[in-house]
Each structure stands twice: as structure tokens, then as C-alpha cells.
Amino acid sequence: MYFTLFVTVLITAAFLVVAAYAIAKLIGPRSYNPVKGEPFECGIPTYGTSWLPVHIGYYLFAILFLMFDVETVFLYPWAVVVKTFGPLALATIGFFMLVLVFGLAYAWRKGALEWK
Amino acid sequence: MFDFRIVTTWFDELLRVTCGLSNFWTILIECVVVGLAILLAYALLAIVLIFMERKVCAYFQCRIGPVRVGWWGTLQVFADVLKMLIKEIFAVDKADKLLYYLAPFLVIIASVGTFSFLPWNKGANILDFNVGIFLVTAISSIGVLGIFLAGWGSNNKYSVLSAMRGAVQMISYELSLGLCLISAVILTGTMQISGIVDAQTGPWQWLIVQGHVPAILAFLVFCIAGNAEANRGPFDLAEAESELTAGYHTEYSGMGFGFYYLAEYLNLFVVSGIATTVFLGGWAPLNIGIEGFDAVMNYIPGIVWFLGKTFVVVFLLMWIKWTFPRLRIDQILKLEWKYLMPLSLVILVLMTVCVAFGWTFTING
């Protein structure tokens, strides 16, 4: 039931993009000149490719994100049962949270959270 | 309170019994109706939000905003949409065409996908999975991919820079967003959106009251992180117009740009809508335990409550956008990783303690 609706939502989203593109293609003007195909940068001819190596800091944060995001995913199923488990839930998650906080503290101490 | 399921059941029976259609055709027609409803609501809200943003921004800057097209400028957005539609669609010659044309799909899918989780009224959510909140965060993270691919596929140095900034910012703020949602899930004990709202009906049962200190903190952190997640100022580094021309959508013309514009405003609405659902009670009316007052409040339809509360949060976020200067990339990351992230972990633990020992605010009666 909900799967059907979910697929409907996805199709609706794709339909929105396709329909708007199709209308724009249909009624929009069409012309071509080489300058139009240039990237819009600063006016002088574009130098080299844009796919250059970027700052390493971005990857560092991406890896940190991966770690913490997986950890938060594990918190979801636990969060649902806190009400039924009471203080026991606090004890069970205590160790897990300790690791989570320790990981953050370690990254902080190592300077991984600084933007250099 | 009016239950919207009366309408859906009536429609279902109309197709099945009165028209005598088979199961397949009934479901197909219902799905088409649902799809059209989503598109209609999506387009309508986008127009309202864009108009609102222009007016709010204008008044914050001591201007009066659009006034020429239509009465008080009401037709301005329609004119803008029309203008976008009749522009040519073209890509940069050296762009990665596959990624370039794929990116708007991902952004719109993420936006429409999360949009259809919102509870409009009692019994009027389109998607109501039992893992609702979790799925909302999962789908919203597809948006990061769309923005990243758009910037990367454009083959423009500014766009690549902007894509990197946008990606690192959005994935970072997703963490505190998720943790705040988890603290709300702890309080309600369910991830289902309708269940979360049901837990908030009754006198003083909105989560922000029920969970007192941790819930209020979680709401504030959620608003900040949500603002960053929707790529809006003061966190609009990815489209910093004064540094990066327009950011990841520089190379998109006409409707291609329109999708990002649309998605930005709808993401703002979705963030506010989720904040409303999770902390401010969704469609649940304000009940204070006095019978007469509650009866009057319950008389107001749920959709009015939902839209009213959501637009209050939207206005709050617009207020933040137009009053604070843009942050630098290092400040943004510092704010998230050194302040919001530890704070949301503290909120999580506080909330767990409150729930585990029953220190939540509840009135039985």
C-alpha cells in the first residue's frame, strides 16, 4: 500500500521535472554560438578544466560525517523503545554514547575539526 | 476534529462500489489523484513562499517589494514562472551532460519526497511509514547529491567550489538534524509521523511543552540546522552570489534554474513543516485543559493549524536569513562540529534521562 504511494511520489517528482523541461524545450527559443557554450566565470576565456583537486578539508569532514551518521542511524531503533525500557535504556545506550562522544573528542583533540 | 480519512474512504468506495472498477484501476486512479494533489500543493506553496520571501525581505530592508504586477504585486511570481518557462534550455559545451541533466531530478525527488510526508490534517498524510522520520532524513540527504552533481557536472570552477561547500555544509548539519529528531522520537516512542502527531493531541501535549528544556533546545538546534540544510542564509555559502556568481546553479538556464529555486523554497517549507510536526504538534490544536477553550480550538480545522504553525516557523527562518550576515566556511563548520553537535548529544542524553525517569510534562485528564 505505502510502497505504491512511495513509487507514486517518485514518479510525480520525475514527472514534474520532465514536464517542465518538455514545455520549456517546446516553447523556448533555440540558438547557438560558441561563446554561449563557455562556462560563466569571469569574462576572459576559460583556462583549463574545472575538475581540479580540491581542498583536503572537505574529505576529512566527509569521513567524519560517515562515522557519526552511521552511529546516529543505530540510535533510531533504540530511541523507539526508550519509553518502554525506562532507566534500562539509559544504561544500555550509555556505553554506545561514550564511544560516540569519545570519537568526537578524539577528532577534536587531533585537530580534525579545524579548517586549515 | 475532522478526519480526512472520511474523504479518502468515500472516494475509494465511489470508485470500487459505485463505478464498479477492479482493484488495479481503483489504485491507478487513486495514485494519479494523489500525484496531481502533490503537484498542485507543491506549485501553490512554491508561489506563496516565493511571494512571501520577496515581501518579507523587502520589508526587512525598508522597501515595499514587488507592487507593479497585479494587485500589491501578487502576480509577480506567476510572471517569473512564465519567464523561466520560455527561456532556452542549454548546457555548457564541456559540461558532463549526464550529471548536468540528472541533478535537477535528484533535487526535486528529495524535495517532493520529503514534502509528501507532511501531516496536513488528521488522516491526511500521503506517506505514513512506520519508519517515517527516519525515511525523511534518508530522502532529504538525496538533495545533497543533487546539489553536488549540479556543481560538478557544470564544468565551472565557481560551481565546483560551491558544490564542495554545499556538500560539506549539508552533510555536517544533517547530524544535528538527525540527533534532534531522535530526541523527539525518544519522547513519542514512535517514528511514524501520524503517531508522533497523535502523541501531541491533548492539553499541553505539544512536544516542545511535553519535553520542556531538552525539547526547546532541540527545537532551536533543529531550526538552525534546518536552515543550513535548506542552504539558506546565513548559511547560503553554496550560492554566495557575491563570491561565486550564483554557485552550483550558475550554468543552469531557464527552468533548470527554476527547479533549484523551487526546491530551495519547498525545502524551507519542509524543514518548517517537520519542525512543526515534531515539536509544535503538527495539526494538533492548542489545548490547555479548559473545556470551553479547547472546544473552540478543536473547531478550527487541522490544516489551518498545520499551515499556521508552519508559516510562523517559515517566517522565523526568513527573519534569520535577512538579519544575519553570511558565515565563512570555517565558521559554519566550527558552529556545527564544536557547538551544535555536542549540544545535540547533550540534548539527547537529557531527553533520555527525562523520559526514562518520567520527568516529562504531562497532565492526565
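The values are calculated or read from the model by the stated rules, or taken from the named source; none is laboratory data. Keep in mind that this is a model prediction, so the values were computed, not measured. Quick reminder, even Gly has a Cβ in these numbers, built from the backbone with ideal geometry, and neighbours come from all protein chains shown. Please note that ligands, DNA and RNA were not included when accessible areas were found on the heavy atoms of the full protein model with its side chains. Shrake-Rupley method; radii C 1.70, N 1.55, O 1.52, S 1.80 Å.
Assorted remarks:
- Unmet requirement for residue A:31, which otherwise passes all of (1) within 9 Å of chain B (Cβ to nearest Cβ); (2) open to solvent by 80 Å² or more (accessible area, probe 1.4 Å); (3) not in a helix (DSSP H, G or I): (2)
- Residue in segment A:68-83 that is at the interface with another protein chain (Cβ under 9 Å from one of its Cβ atoms), among the small types (Gly, Ala, Ser) and open to solvent by 60 Å² or more (accessible area, probe 1.4 Å) present: no
- Here residue A:100 clears all of (1) within 26 Å of residue B:337 (Cα to Cα); (2) at pLDDT below 85; (3) more than 8 Å from chain B (Cβ to nearest Cβ) except the condition numbered (3).
- Residues in segment B:91-104 that are open to solvent by less than 50 Å² (accessible area, probe 1.4 Å), under 30 Å from residue A:5 (Cα atoms) and either touching a Leu at 6+ places or on another chain (Cβ under 6 Å) or at the interface with another protein chain (Cβ under 9 Å from one of its Cβ atoms) (or both): B:99, B:103, B:104.
- Meets criteria (at pLDDT 90 or above and open to solvent by 20 Å² or more (accessible area, probe 1.4 Å)) for residue B:109: yes
- Selection within segment B:194-222 - outside any loop (DSSP other than H, G, I, E, B), at negative phi and open to solvent by 10 Å² or more (accessible area, probe 1.4 Å): B:194, B:195, B:198, B:208, B:209, B:210, B:213, B:216, B:217, B:219, B:220
- Restricting segment B:136-150 to residues that are crowded, with 22+ Cβ neighbours inside 10 Å and touching an Asp or Glu at 6+ places or on another chain (Cβ under 9 Å) leaves a set whose member that is nearest to the other protein chains (Cβ to nearest Cβ) is B:144.
- Qualifying residue in segment B:163-173 (condition: over 16 Å from the mean Cα position of the chain (by Cα), open to solvent by 20 Å² or more (accessible area, probe 1.4 Å), in contact (Cβ under 8 Å) with a residue 40 or more places away in the chain and more than 30 Å from residue B:360 (Cα to Cα)): yes
- The one condition from (1) assigned to a helix (DSSP H, G or I); (2) closer than 30 Å to residue B:139 by Cβ; (3) not hydrophobic (A, V, I, L, M, F, W, C) that residue A:50 does not meet is (1).
- For segment B:37-73, the set of residues classified as surrounded by 15 or more Cβ atoms within 10 Å (Cβ to Cβ), farther than 15 Å from residue B:259 by Cα and among the β-branched types (Val, Ile, Thr) consists of B:38, B:48, B:56, listed by residue number.
- Taking first residues from segment B:184-211 that are more than 14 Å from chain A (Cβ to nearest Cβ) and partners that are open to solvent by 30 Å² or more (accessible area, probe 1.4 Å) and β-branched (Val, Ile, Thr), the Cβ contacts under 7 Å between residues at least 6 apart in sequence or on separate chains come to B:203/B:288; B:203/B:363; B:204/B:288; B:204/B:363; B:208/B:216.
- Search result, residues across segment B:179-193 that are open to solvent by 10 Å² or more (accessible area, probe 1.4 Å) and either in contact with a Phe, Trp or Tyr (Cβ under 9 Å, 6 or more places away or on another chain) or of a type in the set (A, V, I, L, M, F, W, C) (or both): B:191, B:192
- Set side by side, the residues A:40, A:65 differ, and just one is at the interface with chain B (Cβ under 7 Å from one of its Cβ atoms), outside any helix (DSSP H, G or I) and not aliphatic (A, V, I, L, M), which is A:40.
- Flag not set for residue B:133, criterion: surrounded by 24 or more Cβ atoms within 10 Å (Cβ to Cβ), part of a helix (DSSP H, G or I) and within 7 Å of chain A (Cβ to nearest Cβ).
- Check on residue B:203, more than 19 Å from residue B:180 (Cα to Cα), of a type outside the set (Lys, Arg) and modelled with pLDDT of 80 or more: yes
- Residues in segment B:33-49 that are more than 9 Å from chain A (Cβ to nearest Cβ) and of a type outside the set (Gly, Ala, Ser): B:33, B:40, B:44, B:45, B:47, B:48, B:49.
- Matching helices (runs of 4 or more DSSP H) fully within segment B:226-336 where at least 3 residues are within 14 Å of another protein chain (Cβ to nearest Cβ) and open to solvent by 10 Å² or more (accessible area, probe 1.4 Å): B:255-279, B:329-334
- Residue check: residue B:87 meets all listed conditions (1) basic (Lys, Arg); (2) assigned to a helix (DSSP H, G or I); (3) facing another protein chain (nearest Cβ under 8 Å) but one, namely (2).
- Top-ranked residue of segment B:119-130 - restricted to ones that are crowded, with 20+ Cβ neighbours inside 10 Å and either of a type in the set (Gly, Ala, Ser) or within 9 Å of another protein chain (Cβ to nearest Cβ) (or both), ranked as farthest from residue A:9 (Cα to Cα): B:124
- Single unsatisfied condition, residue B:116 versus (1) closer than 18 Å to residue B:261 by Cα; (2) open to solvent by less than 10 Å² (accessible area, probe 1.4 Å): (1)
- Scanning segment B:320-365 for residues that are small (Gly, Ala, Ser) and more than 17 Å from residue B:170 (Cβ to Cβ) returns B:356, B:358, B:365.
- Residues of segment B:342-351 classified as open to solvent by less than 20 Å² (accessible area, probe 1.4 Å) and either more than 7 Å from chain A (Cβ to nearest Cβ) or closer than 13 Å to residue B:210 by Cα (or both), total: 4
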